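> Let me give you the structure first, and then I'll get to my questions.
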Amino acid sequence: MSAPIVIYVPRDAAALAMDANAVAHAIERIADERGLSVQVVRNGSRGLLWLEPLVEIATPEGRIAYGPVAPEDVGGLFDAGWLTGDAHALRLGLTEDIPYLKQQERLTFARVGVIDPLSIQDYAAHGGLAGLKRALAMQPAEIIDEMVTSGLRGRGGAAFPTGIKWKTVAGSPSDQKYIVCNADEGDSGTFADRLLMEGDPYVLIEGMTIAGLAVGATYGYIYVRSEYPHAIETLEAAIARARSVGWLGQDVHGSGRQFDLEVRKGAGAYICGEETSLLESLEGKRGVVRAKPPLPAISGLFGKPTVINNVISLATVPIILAKGAAYYRDYGVGRSHGTLPFQLAGNLKQGGLVEKAFGLSLRDLLYTFGGGSASGRPLRAVQVGGPLGAYLPESQWDVPLDYEAYIQISAMIGHGGLVAFDDTVDMARMARYAMEFCAIESCGKCTPCRIGSTRGVETIDKIAAGGADTKQREQQVHLLRDLCDTMMGGSLCALGGMAPYPVLSALNHFPQDFGIESPQSAAHAA
């Protein structure tokens, strides 16, 4: 009897939202009715979200992609001979040859969409555990040196060097240390953490275990936002399986070393994406920002030295250990080493995830990958870096995506999310939204954020209500700029400190939307 034909149907949340479960059931039902031998594997998403559900057929030539596949398409696909990769209107060809994928550099996401996320055998067969096995043969200081040399910086937004953070925790004496993964992915337009947790959970477990070996931590927590039930379910299943085969626990891979971890579910507060608020929440308290010092690396969870990194940072650790620091460091530009999973959202034809080395431009992402606007109208502005990121006009779309280059234009790359808007967008309304978001999500601990954001909304409303009185609008704009300066300089954390970025960028680059095309505004824009 010949082996069954393997058909891959994503189990990712985006695919599920587009009826992937119904597609999988239709495939199994029709194959059974026709006496065809198939095996349906529920993989993660490849990140081509406009094509979900993207179904792949394993053939001798490679995996052939079809998409987007609806349940009612399945019968016709069988009729067309898709089990042997035959032609159909939904046929996309070899998955690896789809231009959107072929032009990427997938390092952290190398397995996502390729393997069965919960198969330990699949993970190991595709290069998993190579980094951990090497780390187990190294001294802790050697692991940290490898991380420092790689140039990996925090992928959660702050871009702090990961190796330096680890070195601080390793050098802080304590009877207990912790590894905390910040998976509270709350920024607008971001989904890389979710794609990875749902599509390759073992790489995160491996990365956290390596971090534990490096700094002397024996326990870890993955703090996941409650809006990610599929990610939570996948992680918990993966942790249980890893523990059952000795990848976690008292004797990691027979090394005599100890490391274990668990998932904790957040309650939906955006502020808990800030590392000290996250720690408060993990301790069972209200999510409120802590004053620093002390740094969490010295006094973090339960007062113990704690490594806090985001999902992508920790999931990148295994490839650095497996391939060597130089391999990873040689991707990118300047001090921005390696790759980043950029997430394309908003008014774009081809929304999805693009893992590329630093140095490409926003224009490349918008048009080469995103395909331009979904509406067919000209793109006007792009917010990069989440709800606290600046709105960038077309004149800045050719600036290389590099941490330092973006700082020079008063912008940030953040978690790599971008949201595109066409020429119908009202940037004054977008500025108001940014301030209102801060007012709603503020933990309330510091005055500049708590009061400043509320007054910011009121001031923008006054500008909008200024009517024909140009002088009155100019006065309110001056007040708004002063308020933003206070928030940036006086807030305890990045929520209040960066909420002015989208507001000021809207004022500077799109003054006409505020009705302030005066010489003063032009000077600010310059």
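The values are calculated or read from the model by the stated rules, or taken from the named source; none is laboratory data. If you're wondering where the values come from, they're calculated on a predicted model, not measured in any experiment. As a convention, Cβ positions derive from the backbone with ideal geometry for all residues, glycine included, and neighbour counts pool all protein chains shown. Areas reflect the complete protein model, heavy atoms only, side chains present, ligands, DNA and RNA absent. Shrake-Rupley method; radii C 1.70, N 1.55, O 1.52, S 1.80 Å.
> Which residue, of G93, G113, is more than 17 Å from I30 (Cβ to Cβ) and touching a Gly at 6+ places or on another chain (Cβ under 8 Å)?
G113
> Would you mind finding the one in S299, S255, S244, S313 that is under 19 Å from the mean Cα position of the chain (by Cα) and not assigned by the TED database to the domain that holds L495?
Only one candidate passes the filter, namely S313.
> So I239 passes all but one of these: (1) of a type in the set (A, V, I, L, M, F, W, C); (2) without any contact (Cβ under 8 Å) to a residue 60 or more places away in the chain; (3) in a loop (DSSP other than H, G, I, E, B). Which condition number does it fail?
(3)
> Here's a follow-up. Here are the criteria: (1) in a loop (DSSP other than H, G, I, E, B); (2) more than 22 Å from L132 (Cβ to Cβ); (3) modelled with pLDDT under 95. Tell me which single one G256 does not satisfy.
Unmet condition: (2).
> Specify which of the listed residues (A70, A87, A15, A22) is over 14 Å from I115 (Cα atoms) and open to solvent by less than 10 Å² (accessible area, probe 1.4 Å).
A15
> Taking segment 445-485, which residues are of a type in the set (V, I, T) and crowded, with 17+ Cβ neighbours inside 10 Å?
I451, V457, T459, I460, I463, V477
> Let me ask another. Looking only at segment 31-50, which residues are within 23 Å of the chain's Cα centre (by Cα), over 15 Å from N21 (Cα atoms) and open to solvent by less than 20 Å² (accessible area, probe 1.4 Å)?
Scanning segment 31-50 gives R46, G47, L48.
> Kindly indicate which of L362, L401 is over 16 Å from the mean Cα position of the chain (by Cα) and either surrounded by 17 or more Cβ atoms within 10 Å (Cβ to Cβ) or of a type in the set (A, V, I, L, M) (or both).
It is L362.
> Continuing with this model, one more query. Inside segment 132-235, counting only helices (runs of 4 or more DSSP H) that do not spill past its ends, which hold 2 or more residues that are touching a residue at least 12 places away in the same chain (Cβ under 8 Å), open to solvent by less than 20 Å² (accessible area, probe 1.4 Å) and in contact with a Cys (Cβ under 9 Å, 6 or more places away or on another chain)?
Ranges flagged: 201-215.
> Which residues, taken from segment 453-472, are out of contact with any Cys (no Cβ under 8 Å at 6 or more places or on another chain) and more than 15 Å from A506 (Cα to Cα)?
Once the filter is applied, which keeps residues that are out of contact with any Cys (no Cβ under 8 Å at 6 or more places or on another chain) and more than 15 Å from A506 (Cα to Cα), segment 453-472 yields T454, R455, E458, K462, A465, G466, G467, A468, D469, T470, K471, Q472.
> Select from segment 310-356 the residues that are among the aromatic types (F, W, Y) and buried (at least 21 other Cβ atoms within 10 Å of the Cβ) and list them in ascending order.
Correct list: Y328, F342.
> Of everything in segment 292-307, what is open to solvent by less than 10 Å² (accessible area, probe 1.4 Å) and not in a loop (DSSP other than H, G, I, E, B)? Give them in sequence order.
Across segment 292-307, the qualifying residues are L301, T306, V307.
> When you scan segment 270-278, do you find a residue that is surrounded by fewer than 24 Cβ atoms within 10 Å (Cβ to Cβ) and of a type in the set (A, V, I, L, M), even just one?
No, there is no match, as no residue in segment 270-278 is surrounded by fewer than 24 Cβ atoms within 10 Å (Cβ to Cβ) and of a type in the set (A, V, I, L, M).
> Also, I was wondering about something else. Sort out which residues of segment 308-358 are of a type in the set (F, W, Y) and either closer than 28 Å to T168 by Cβ or part of a helix (DSSP H, G or I) (or both), and write them in order of number.
Y327, Y328, Y331, F358
> Now a separate question. Quick one: is A159 under 25 Å from A130 (Cβ atoms) and either in contact with a helix residue (DSSP H, G or I) (Cβ under 6 Å, 6 or more places away or on another chain) or of a type outside the set (K, R) (or both)?
Answer is no for this residue.
> Same structure again: In this structure, does G268 turn out to be under 21 Å from the mean Cα position of the chain (by Cα), within 30 Å of L16 (Cβ to Cβ) and part of a loop (DSSP other than H, G, I, E, B)?
When the stated conditions are applied, G268 passes them.
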